[in-house]
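A.B. asks: First the structure, which I've put down as structure tokens, then a few questions once you've had a look.
The values are calculated or read from the model by the stated rules, or taken from the named source; none is laboratory data. Source: prediction; values computed, not measured. Here Cβ is always computed from backbone atoms with ideal geometry, including for glycine, and neighbour counts include all displayed protein chains.
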């Protein structure tokens, strides 16, 4: 079972790794050309495994900002992960071994959360480990190669790879939205709200991490009031 | 005063890990409240939707390619294709559309 879950996680981790490669390639390129050494740049990707947070952190490092500033920025941009971890706290089948939660937490990215949250019923930590074992090398290698090669890889390739993770998200949200009215409403409402935050004056100043938190709180909260989930229903529909 | 790069990395990684780790480790009991359970059921869909739109349209160099990729990805997902298939269809769409636009 461990092996099966791990293998499935690896398989689902492939599109994530592809998308990560494109993004971290850009990160590596920017950090090294900005003056951060190659190995510290790779170390940032290896220890942080987060896109928006790393780009924001890089800005502060290059500007010579304070440690408080960088800590606060990471807190604001990455706070959405605590919501995802809260959600995953109910879903992870740790078999009573708390140590699994410490490891799963390290790989709690938007994408790995996305695929593991969409698993039916409880999710084995080995599924997450499988996904991390593919996604993390994609993220770190992309950083390394971006740092070394800089502008050698044609932009047309990285541009195409940029949409990989979003294609994957669509594959996760559309089938259940097709089946279930309440999920369909949640998907549509969340997209509209996110678009308003992106395009409306003043609202577009809100950082993307906060937009996700606000949308998730408001839309999921309203949906939970209007369409409370029946006992046992969440298991069946979580597929 | 120049701050050591490794100190920056330590703070970044530490804050990010704590945010991810604390809820997972602190909340181990099964939640029984129906509202909270329902809320948590909808959170992934809300998060993923907000992350996908409008970001997917803006991710490639060309917004037109992004819009077409969103449409193609939506169709592939609607037909129940796997994660990797939908992801690759979206990437291929951007590649092809951007090549076509370059010809114009």
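A.B. asks: So, of the residues in the stretch B:49-81 that are at the interface with chain A (Cβ under 7 Å from one of its Cβ atoms) and not in a helix (DSSP H, G or I), which turns out to be nearest to the chain's Cα centre (by Cα)?
C.D. replies: Only one residue fits best here, namely B:53.
A.B. asks: If I filter the stretch A:38-56 for residues that are surrounded by 20 or more Cβ atoms within 10 Å (Cβ to Cβ), on the phi > 0 side of the Ramachandran plot and either touching a helix residue (DSSP H, G or I) at 6+ places or on another chain (Cβ under 9 Å) or at pLDDT below 85 (or both), do I get at least one hit?
C.D. replies: yes
A.B. asks: If you don't mind, another one. Given (1) in a helix (DSSP H, G or I); (2) closer than 14 Å to residue A:5 by Cα; (3) at pLDDT below 90, identify the lone condition not met by residue A:121.
C.D. replies: (1)
A.B. asks: More than 8 Å from every other protein chain (Cβ to nearest Cβ) and out of contact with any strand residue (DSSP E or B) (no Cβ under 7 Å at 6 or more places or on another chain): is that true of residue B:25 in this structure?
C.D. replies: Judged against the criteria, residue B:25 is not a match.
A.B. asks: Here are some residues: A:112, A:70. Which one is more than 7 Å from every other protein chain (Cβ to nearest Cβ) and in a helix (DSSP H, G or I)?
C.D. replies: None of the other options fit; the residue is A:112.
A.B. asks: What number of residues within the stretch B:1-22 satisfy the criterion of being more than 7 Å from chain A (Cβ to nearest Cβ) and either crowded, with 23+ Cβ neighbours inside 10 Å or in contact (Cβ under 8 Å) with a residue 24 or more places away in the chain (or both)?
C.D. replies: Residues flagged as more than 7 Å from chain A (Cβ to nearest Cβ) and either crowded, with 23+ Cβ neighbours inside 10 Å or in contact (Cβ under 8 Å) with a residue 24 or more places away in the chain (or both) within the stretch B:1-22 amount to 0.
So that you can scan it fast, the table gives a plain yes or no per residue for (1) at pLDDT 80 or above; (2) assigned by TED's automatic domain parsing to the domain that holds residue A:30:
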residue	(1), (2)
A:146	yes, yes
A:149	yes, yes
A:184	yes, no
A:195	yes, no
A:201	yes, no
A:206	no, no
A:212	no, no
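A.B. asks: Tell me, which helices (runs of 4 or more DSSP H) lie completely within the stretch A:126-227 with 1 or more residues that are facing chain B (nearest Cβ under 10 Å) and within 30 Å of residue B:103 (Cα to Cα)?
C.D. replies: The helices (runs of 4 or more DSSP H) meeting that bar are A:155-161, A:164-179.
A.B. asks: If a residue must be on the phi < 0 side of the Ramachandran plot, more than 19 Å from the chain's Cα centre (by Cα) and either surrounded by fewer than 19 Cβ atoms within 10 Å (Cβ to Cβ) or at pLDDT 90 or above (or both), how many such residues does the stretch A:12-35 contain?
C.D. replies: 2
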